[in-house]
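Here is the structure we will look at, set down as structure tokens.
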Amino acid sequence: MAVEYDLVVIGGGSAGLVAASAAAQLKAKVALVEKEDRLGGDCLHYGCVPSKSLIHAGRVAHLTRQGKVFGVHTAEPTINMAEAMGHVHRVIEHIQEHDSTERFESLGVEVIYGQGQFQDKRTFVVEGRPLRARAFIIATGSRPGLPPIEGLQQAGYLTNLTVFSLEYCPPSLAVIGAGPIGCELGQALSRLGATVTIIASRDQIMPKEDPEAAAVVQQQLEAEGIQVLTQSRAEKVTVIDGKKHVQVGDRTLVVDQILLATGRVPNVDDLNLAAAGVAVDKQGLRVNAKLQTTNPRIYGAGDVIGGYQFTHVAGYEATVALQNALIFPSKTTDYRVVPWATFTDPELARVGLTEAQARSRYGDDVRVLKQGFNQVDRALAEAAGIGFSKLIVRGNGEILGAHLVGPAAGELIHEVVFAMSQNLKVTALKSFIHIYPTLAEVNSKAALLFTKENYAKNTFLQGLLRRFFNLRRRLA
């Protein structure tokens, strides 16, 4: 039976927009379905864009307070939260132009707004309108998870969906969850005037990160007055005289507001996936390496499939799913080199294996090259000499992973990402000239340690060079 579309993309967030725009530019007939009344998804409206905008506002306030370090003395900054949020929403509105309905329609995408669900394996129905296609890509994203805390629902709370609508900064705030979202927003709101406590269930914040790197961030949070409770869980919330009382073990936190940052849940509930023959689990859609679901005509990309829940990964997965859906299902995903960053201050960035993972896999054939920012002149000039670059390598110089914590770590990680993606040895990071003075020297200095350590271990070469220089002096 003939179908109306080459591709129907369900979800107008990061993955969906990449898939729909690329498919249309390839001259496929494409429909893009979005249940909200605007495109852009979580990243634009509730995630990456607003959070980084608010983080920058907090950083400006922090730098103002730190001016005395550089001989610049100012009064304590006055924070107007409504104006800070105005900056956040102006940024969203500016980027929204790129993600507008008009732009996508100009590319040839048919944009359809409304709630939809599958009727069968080849039909998706939106507000009563059936859409039949040769292939589908589900890119419906995720939403904040709600932990089972007694009284939380009744007490009320913020998530990333609501925090950017604040018109004032809460005087006191409990952040439940110490992953990237909790740490980023906790620090930003602290710098904008809130007294913040972060509740971490593990023995460190950001448990997926290198423990030593996470410790640097935690030390900075605490130095700024943020209380961090590790190995702790919020058990109960009650409201007394307008204040939220959060029971954490044997202590009670009395706060004005609660921010939840306890993980994400895939948006699969309302799609009637059973009718389409698509299997799901608690992570989201079950997909193979080609991003096919259990119905080979239907693909998944982005947060809805679990895995790496980052905008840049969603975009990558969209390109894989698109090629397989439109042309031929031959391309597989490759997650060998996936970088990410947490935009606290200092920033924390990572790619590849941790030291523990590397030693588990390669045993004694693992070397750790660590260079502190306290020996990088540009960092010292900016009073930002905390943190380090840690490169995890094998004895042959293969880069297994990198962990940077410090100024601009999210930018500096990319030369390591490039080296890993091109299968270059760690010595490649020192083989080209770095501008002086720049923060990027931290990576070349770390890589130089590999050569220095090899030389220190090679007593034969040291002896040979000694004899060579002795001979040269005698013949001079």
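Every read-out reported here was derived from the displayed coordinates using simple, explicitly stated rules and does not represent laboratory data. Quick caveat, the model's predicted, so the values are computed rather than measured. Glycine also receives a Cβ, built like all others from the backbone with ideal geometry; neighbour counts cover every protein chain displayed.
Using a Förster distance of 30 angstrom, determine the FRET efficiency expected from the C-beta separation of Val254 and Ser165, and round it to 0.05.
For R0 = 30 Å, the calculated efficiency reads 0.80.
Could you work out the helix-only [θ] at 222 nm for the chain, with each DSSP H run of four or more residues adding -39,500 (n - 2.57) and the total divided by the number of residues, to the nearest 500 deg cm²/dmol?
Value at 222 nm, helices only, nearest 500: -10500 deg cm²/dmol.
Find the relative contact order for the chain and round it to a whole percent, using C-alpha pairs within less than 8 Å whose residues are 6+ positions apart.
Worked out over the chain, it gives 14 percent.
Classify the range 331-398 as rounded, prolate or oblate from the Cα gyration tensor: take a ≥ b ≥ c as the square roots of its eigenvalues, call it rounded if a/c is under 1.5, otherwise prolate when a/b beats b/c and oblate if not.
oblate
Please tell me the relative contact order of the range 307-395 in percent, rounded to the nearest whole number, where contacts are Cα pairs under 8 Å and at least six residues apart.
Across the range 307-395, relative contact order equals 19 percent.
Helix 409-421: angle to the longest alpha-carbon principal axis of the chain, degrees 0 to 90, nearest 10?
Roughly 90 degrees between the two axes.
Need one number: nm distance between label points at Asn470 and Tyr362, each 7 Å from Cα along Cα→Cβ, rounded to one decimal.
Result: 3.7 nm between the two label points.
Give the cross-link partners of Lys68 among the lysines, using a straight C-alpha distance below 28 Å as the criterion and excluding same-chain residues fewer than 8 apart.
Lys52
Let a ≥ b ≥ c be the square roots of the eigenvalues of the Cα gyration tensor of the chain; is it rounded (a/c under 1.5), or, if not, prolate (a/b larger than b/c) or oblate?
Oblate, since a/c reaches 1.5 and b/c is not below a/b.
How many nm is it between the label spots at Gln66 and Glu4, if each spot is 7 Å from the Cα in line with the beta carbon?
The two pseudo-label positions are separated by 5.5 nm.
What's the long-distance tail for the range 346-459, i.e. % of Cα pairs beyond 18 Å?
46
Taking Cα atoms, how many degrees apart are the long axis of helix 441-457 and the longest axis of the chain, rounded to 10 and kept between 0 and 90?
Orientation of helix 441-457: about 50 degrees from the principal axis.
Could you give the length gained by full extension between His56 and Arg38, i.e. 0.36 nm per residue of separation minus their alpha carbon distance, to one decimal place?
Taking 0.36 nm per residue and subtracting the Cα distance, the gain is 4.0 nm.
Could you list, in their original order, any pairs among Lys29/Lys282; Lys208/Lys425; Lys29/Lys331; Lys208/Lys282 whose Cα atoms are separated by more than 30 Å?
Those over the limit are Lys29/Lys282.
How far is helix 211-223 tilted, in degrees, relative to the longest principal axis of the Cα atoms in the chain, given as a value from 0 to 90 rounded to the nearest 10?
80
For the range 152-264, what is the relative contact order in percent, using Cα pairs closer than 8 Å and at least 6 residues apart in sequence?
35
For the chain, which span is the longest to avoid every loop-located (per DSSP) member of trypsin sites (Lys or Arg not before Pro) having at most 13 other Cβ atoms inside 10 Å?
Longest run free of exposed loop sites: 28-207.
What's the longest uninterrupted piece of the chain once you rule out the GluC sites (Glu not before Pro) that are loop residues per DSSP with at most 11 other Cβ within 10 Å?
Between exposed loop sites, the widest span is 168-476.
So, counting K/R as plus one and D/E as minus one, what does the shell of residues with Cβ under 9 Å around Arg134 add up to?
+2
Would you please give the FRET efficiency between Asn295 and Lys457, computed as 1/(1 + (r/R0)^6) with r the Cβ-Cβ distance and R0 = 56 Å, to the nearest 0.05?
Using R0 = 56 Å, I get an efficiency of 0.50.
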